[in-house]
């Protein structure tokens, strides 16, 4: 649903509440309608599909979370600006298991649009660090790991950061690959 339709519904509910309170002298129902008008206003700033995707992500059900995210067809017309980052962040988290190569651009977009919570920024930078390390960009991965460590004030991701640092210490296979044509030398 378009975000401006929600505001129009809230305005209609407020007008209905005023009508009930002023013209029909029905104060109880007018207050109830005013309270109901708060729901579309809340959903203007916090999209229902993103809230449901967060709920499914908390239950570790990635399929349902991605289904709720797919209900958002055009994120710029359906979401408030504050939620653009969380839309891309959630898409990256749901794709992390099946398609790890698609996660890095989504997390970059999420950080560009902005994430409110520090631990969300830490998870996004940790995913970026994992992508950089897997592509062989060790210095960028090290820098992103330090930034993720700085953002992780609660200490929730210390194990993952330590595991990634240990992975950085291991030699890459590309530097130590042997030339297959050189295998035959020295045998004869």
For the stretch 119-141, pairs from a residue that is on the phi > 0 side of the Ramachandran plot to a residue that is outside any helix (DSSP H, G or I), with Cβ under 7 Å and 6 or more apart or across chains, are 136/172; 136/174
Output the helices (runs of 4 or more DSSP H) that fall wholly within the stretch 47-142 and possess 1 or more residues being within 21 Å of residue 156 (Cβ to Cβ), or say none.
48-58, 62-70, 84-95, 103-113, 118-134
Search result, residues across the stretch 5-31 that are surrounded by fewer than 13 Cβ atoms within 10 Å (Cβ to Cβ), out of contact with any helix residue (DSSP H, G or I) (no Cβ under 7 Å at 6 or more places or on another chain) and more than 21 Å from residue 79 (Cα to Cα):
15, 22, 23, 24, 25, 28
Would you tally the residues in the stretch 41-59 being touching a residue at least 40 places away in the same chain (Cβ under 8 Å) and farther than 30 Å from residue 12 by Cα?
0
Can you tell me which of (1) in contact (Cβ under 8 Å) with a residue 24 or more places away in the chain; (2) over 17 Å from residue 97 (Cα atoms) is the one residue 74 doesn't meet?
(1)
Is it true that residue 12 is at pLDDT 95 or above and farther than 30 Å from residue 125 by Cα?
yes
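Residue-wise test of (1) surrounded by fewer than 21 Cβ atoms within 10 Å (Cβ to Cβ); (2) closer than 19 Å to residue 170 by Cβ.
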{"position": "102", "(1), (2)": "yes, no"}
{"position": "117", "(1), (2)": "yes, no"}
{"position": "126", "(1), (2)": "no, yes"}
{"position": "137", "(1), (2)": "yes, yes"}
{"position": "142", "(1), (2)": "yes, yes"}
Checked the stretch 15-46 for anything within 24 Å of residue 81 (Cβ to Cβ) and in a helix (DSSP H, G or I); matches are 37, 38, 39, 40, 41, 42, 43, 44, 45
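The values are calculated or read from the model by the stated rules, or taken from the named source; none is laboratory data. Keep in mind it's a predicted model, so treat the numbers as computed, not measured. Backbone-built Cβ (ideal geometry, glycine too); neighbour counts: all protein chains shown.
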